[in-house]
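The values are calculated or read from the model by the stated rules, or taken from the named source; none is laboratory data. All of these numbers come straight from a predicted model, not from anything done at the bench. Ideal geometry is used to build each Cβ from the backbone, glycine not excepted, and the neighbour counts take in all protein chains shown.
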Amino acid sequence: MKRKELIQQLEQTKNWDIIIIGGGATGLGTAVEATTRGYKTLLLEQLDFTIGTSSRSTKLVHGGVRYLEQGDVSMVFEALNERGLLLKNAPHLVSNQTFLIPSYAIWQKPFYTLGLIVYDILSGRKSFGKSRPFSLKNTIKKMPNLIRKNLRGGIVYHDGQFDDARLGLNLAQTAIENEATVLNYIKVTNLIKKNGKITGVVAIDQETQKTYNLNAKIVINATGVFVDNILKKDNPKAKKVVKPSQGVHLVIDNSFLQSDFALLIPKTKDGRILFAVPWHDKVILGTTDEPKEKAVIEPKATEKEIDFILETTGRYLIKKPTKKDIKSVFAGLRPLAAPNDDEKTKEISRSHKIMQSNSGLVSIIGGKWTTYREMSEDLIDKVESFFNLEKTKSVTEHLKIHGYQENTNFKNPLYFYGSDLDLIEKMIQKNPDLATVISDKLFINKAQIIFAIQNEFACNTYDILARRTRALFLDAEESLKIAPKVIEIIARELHKDTTWQKEELKRFTITANGYLMH
């Protein structure tokens, strides 16, 4: 589906059943849910799909060991069920990851083993593998860089790992294949009302600056940390419903973990847990939980957050990572439901909330990637009851997601394309020059750049290097190095002149600098 054809659909459709504002996990999941239930669905994202929080996760599909400790059993149960469905519906993106919790105190091994047995029981037939205690010898063998002093062994359990930005993109493609119209770079600037009720939205195409008035029976606000902005357009006096909380991740070389197991640090100084997870030949460390006053598109990690992650990780590893070892640093904002005054952000429920304003605007806040599908199903169920619509049945539980491919070879650096890898290989057969490698370090070739523009709605360098190939998340310096080559290919493909190329390099350099350690 080319952008041109999608814009045509936008222009030719007089009335939509549902317009969804926001192209993150929740919005994209809702588009799939709504269109497969027969609603004429339009999704508009002001920038790129998953540009915010949804591409900045710890890359885990998990029940949430932490929620179990907090006693939120029903949430863990629901998340473990969804984790199992995701493995079935997107096996090209979800894999089984083994985790190790090191045990340094006599009580830790029995305590965590018991908790994780409950975790296994809750996952039922959708289990990813059995949790079990690990001897000291096995623990050291599996994670040789762990500090040995007082180490008594460990506990091993299983959870899911996935690729967040790719899943977002694949959901957009799945929605389109099921007759939705889904567009990035179209910003909703206003809501249209008649007699105090919302009847549509005003939106501007950020590429052409063209404005559209779009009619809809129902408008859904799924803008994550920006939910309040849309609520204010609806009612300037609206009370804030979102409290952003920042999570930071650092990416370092795998020589610090020397393992294909992930490390879970069960108790940090601020009572959270910290992960060190192998990811594309690197290790992702995170995360933090810092309340923020304001939602921004490109949140920045603070020195304090970076130091906290390095210091906590360093307490467990013989070879300790330092600032100069960081390949990339990225921050995301969680859209937590605004707390009562005495709640700390790490204690605010991660489950979602759905609300309806007097004007009919439906907003969804909270939630997490793992439960995106269940949230979307709940949202459309609620929409049907809010608007007295005939009840329809959800079909997403067993819906294969675009790119679906069984027996994915995760050793192939391009595994995340799933069934689309065939299309890239065909492009290369037609034009062998496209096999030219742009980055040895990150396994990126010319074909991927062209494929991203032609088939994956990428409009610029940032889209391609952050969310289509995850280069920027893995190695910011390398991304800056290959950017001029990537820009040249984009310019040829989109017929842009040298002035555009210079400007584009400037733009990308500013963005990429936010991922670098200075």
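For this structure, a couple of remarks:
- Considered as a group, the residues in the stretch 2-34 that are in a strand (DSSP E or B) and touching a Lys or Arg at 6+ places or on another chain (Cβ under 6 Å) include one that is surrounded by the fewest Cβ atoms within 10 Å (Cβ to Cβ), and that residue is Asp17.
- Any hit, the stretch 473-483, residues being surrounded by fewer than 13 Cβ atoms within 10 Å (Cβ to Cβ) and not assigned by TED's automatic domain parsing to the domain that holds Ile176: no
- Residue pairs whose Cβ atoms lie under 9 Å apart, sitting 6 or more positions apart in sequence or on different chains, and linking a residue in the stretch 182-207 that is free of Cβ contacts under 8 Å to residues at least 60 places away in the same chain to a partner that is among the charged types (D, E, K, R), are Thr189/Lys233; Asn190/Lys233; Thr199/Lys193; Thr199/Lys217; Ile204/Lys187; Ile204/Lys210.
- Some residue of the stretch 420-433 being of a type in the set (A, V, I, L, M) and touching a Ser or Thr at 6+ places or on another chain (Cβ under 6 Å): no
- None of Gly22, Gly64, Gly52 is modelled with pLDDT of 95 or more and over 18 Å from Thr174 (Cα atoms) except Gly52.
- Residue list for the stretch 506-517, restricted to those being crowded, with 16+ Cβ neighbours inside 10 Å and assigned to a helix (DSSP H, G or I): Phe508, Thr511, Ala512
- Candidate set: the stretch 355-404, residues that are out of contact with any strand residue (DSSP E or B) (no Cβ under 9 Å at 6 or more places or on another chain) and of a type in the set (Lys, Arg); chosen: the one surrounded by the most Cβ atoms within 10 Å (Cβ to Cβ): Arg373
- Residue in the stretch 289-300 that is without any contact (Cβ under 8 Å) to a residue 60 or more places away in the chain and under 13 Å from Thr58 (Cβ atoms) present: yes
- Positions within the stretch 119-161 being aliphatic (A, V, I, L, M) and under 18 Å from Ala276 (Cβ atoms), in sequence order: Ile140, Met143, Leu146, Ile147, Leu151, Ile155, Val156
- Just one of (1) over 30 Å from Gly27 (Cβ atoms); (2) surrounded by 16 or more Cβ atoms within 10 Å (Cβ to Cβ); (3) within 30 Å of the chain's Cα centre (by Cα) fails for Asp159. It is (1).
- Filtering the stretch 157-175 to residues that are touching a helix residue (DSSP H, G or I) at 6+ places or on another chain (Cβ under 8 Å) and either charged (D, E, K, R) or part of a strand (DSSP E or B) (or both) leaves Tyr157, Asp159, Gly160, Asp163, Asp164, Arg166.
- Which listed residue is farther than 25 Å from Glu5 by Cα and outside the structural domain of Thr302 (by TED's automatic domain parsing), from Ile424, Ile490, Ile450, Ile444: Ile444
- Breaking point among (1) surrounded by fewer than 18 Cβ atoms within 10 Å (Cβ to Cβ); (2) modelled with pLDDT of 95 or more, for Lys411: (2)
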